[in-house]
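> Just dropping this structure here.
The values are calculated or read from the model by the stated rules, or taken from the named source; none is laboratory data. Keep in mind it's a predicted model, so treat the numbers as computed, not measured. Note: ideal-geometry Cβ built from the backbone for every residue, glycine included; neighbour counts use all protein chains shown.
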Amino acid sequence: MKPIFPYLCTLSLSIYVTGTLGHDHSQVPLATTTPDYIAIDGTTELLELHKNLVEIESVVGNEYEVGQYLIRYLSAHNFTVETQKLPPLETNPNKPNEPRLNVFAYKGDLKNTRLLVTSHMDTVTPFFPYQRPDDEQICGRGSNDAKGSIASQIRAVEELHASGNLKEGDVGLLYVVGEEVNGGGMKKANDLFHGHAWEAVIFGEPSDNKLVLGHKGALIYEIKAHGKAAHSSRPDLGINANSMLIRALTAIDAMELPGSERLGNTTTNIGVMQGGVAMNIIPAEASATVLTRIAAGTPQQAMDEIEKVLKDLGEERLSVSFGHNLPPVVCDVDIDGMYKSIRK
């Protein structure tokens with residue numbers, strides 16, 4: 001069987017994704033800190049496709065228009081296109097009834113392809129428009145993460161088909177929504193394939209052209225402290241929820257969860273804290289949202305350890321609730337021809 005992976009790998013690296021952009025941009029949970037900047041190295045068609053994608057605002061929850069653009073583009077370039085509707089996000093109050101679409105495309109009638117190329121069309125907030133500050137840089141929300149990947153992947157597959165190196169049934173293209181919040185688009189995409197297994201999958205994420213050997217898992221949780229309000233002149237009448245929460249977070253910050261040689265240490269970030277209403281009032285309620293990136297073990301094992309750490313504090317007024325969680329993933333990257341293709 002023809003080794004098509006090296007061809008695809010070579011052309012998918014046609015945009016070198018790297019650099020730094022001096023814009024202040026806030027992030028949402030699970031977003032990366034990779035700046036939105038790419039160094040130009042590609043054809044006119046590639047840059048035009050990339051520009052059109054970046055110019056469409058697609059902050060997570062508002063991906064409908066960019067999905068429609070991809071449908072039109074891929075259909076016009078003789079791909080068979082399937083869509084998958086997802087419900088609106090509650091975080092998009094300006095367009096509460098607007099659907100979101102996963103987009104899957106392939107050549108001809110063979111849906112279950114040998115390889116899958118995939119990325120996400122949503123971005124973090126806030127949106128800032130496409131710009132060309134000089135001849136060396138392209139700026140704009142999503143220009144790197146991940147519309148640079150989408151544009152280079154599509155053009156790579158188009159060129160490989162045109163050159164005869166790919167045929168019907170070789171490669172499918174999947175572009176999903178919701179990656180920056182909870183991965184809902186990728187979870188929903190499972191329904192498209194009914195257990196089909198590919199020989200390899202290329203995920204379009206900025207990685208400084210380094211081969212990603214795996215990905216840490218994630219566990220989001222909220223810790224709440226339930227105190228009792230009182231005037232600050234009579235602290236004996238109240239229970240300070242902030243003080244209680246600080247003790248809990250100090251223990252969580254010092255918590256040691258297992259790591260792995262391949263993925264490194266398990267890390268914890270105390271991302272959001274809320275508590276109190278005024279400086280002269282003993283706070284009755286306090287909370288913190290925490291993200292632990294799991295390098296080894298399972299989310300359930302991490303949950304058990306977190307609950308134990310909090311229980312050991314002896315604070316009956318503390319509670320924890322767990323949300324979105326994923327286990328760590330170790331990739332099989334031992335693929336013939338891959339390293340040679342990257343070196344080129």
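> Within the range 312-332, restricting attention to residues that are of a type outside the set (A, V, I, L, M, F, W, C) and within 30 Å of F203 (Cα to Cα), which residue is surrounded by the fewest Cβ atoms within 10 Å (Cβ to Cβ)?
D332
> Something else: Within the range 283-301, restricting attention to residues that are hydroxyl-bearing (S, T, Y), surrounded by fewer than 21 Cβ atoms within 10 Å (Cβ to Cβ) and in a strand (DSSP E or B), which residue is farthest from the chain's Cα centre (by Cα)?
S287
> For the structure I just gave you, tell me whether V54 is within 27 Å of V171 (Cβ to Cβ) and either surrounded by fewer than 16 Cβ atoms within 10 Å (Cβ to Cβ) or at pLDDT below 50 (or both).
When the stated conditions are applied, V54 does not pass them.
> May I pose another question? Scan (1) under 17 Å from the mean Cα position of the chain (by Cα); (2) surrounded by fewer than 17 Cβ atoms within 10 Å (Cβ to Cβ); (3) not acidic (D, E) for the single condition K147 breaks and write down its number.
(2)
To keep it simple, each residue is scored yes or no on (1) surrounded by fewer than 13 Cβ atoms within 10 Å (Cβ to Cβ); (2) within 30 Å of A146 (Cβ to Cβ).
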site: D191; (1), (2): yes, yes
site: D208; (1), (2): yes, yes
site: H215; (1), (2): no, yes
site: Y221; (1), (2): no, yes
site: K224; (1), (2): no, no
site: I252; (1), (2): no, no
site: E256; (1), (2): yes, no
site: N265; (1), (2): no, yes
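> So, one more: (1) closer than 20 Å to N52 by Cβ; (2) not in a loop (DSSP other than H, G, I, E, B): which one isn't true of L116, the others all being true?
Going through (1) closer than 20 Å to N52 by Cβ; (2) not in a loop (DSSP other than H, G, I, E, B) one by one, L116 breaks only (1).
> What is the one condition in (1) under 30 Å from V333 (Cα atoms); (2) in contact with a helix residue (DSSP H, G or I) (Cβ under 8 Å, 6 or more places away or on another chain) that T80 does not satisfy?
Status for T80: all satisfied but (2).
> Of everything in the range 226-249 that's without any contact (Cβ under 8 Å) to a residue 60 or more places away in the chain, assigned to a loop (DSSP other than H, G, I, E, B) and among the small types (G, A, S), which residue is surrounded by the fewest Cβ atoms within 10 Å (Cβ to Cβ)?
Filtering the range 226-249 for residues that are without any contact (Cβ under 8 Å) to a residue 60 or more places away in the chain, assigned to a loop (DSSP other than H, G, I, E, B) and among the small types (G, A, S), the one surrounded by the fewest Cβ atoms within 10 Å (Cβ to Cβ) comes out as S233.
> While we're on this one: Given (1) in a strand (DSSP E or B); (2) at pLDDT below 90, where does L89 come up short, assuming only one miss?
(1)
> Would you list the strands (runs of 3 or more DSSP E) that sit entirely within the range 126-225 and hold 2 or more residues that are within 25 Å of C331 (Cα to Cα)?
Correct list: 171-176, 200-203.
> Assess whether G108 counts as being on the phi > 0 side of the Ramachandran plot, in contact (Cβ under 8 Å) with a residue 60 or more places away in the chain and small (G, A, S).
Answer is yes for this residue.
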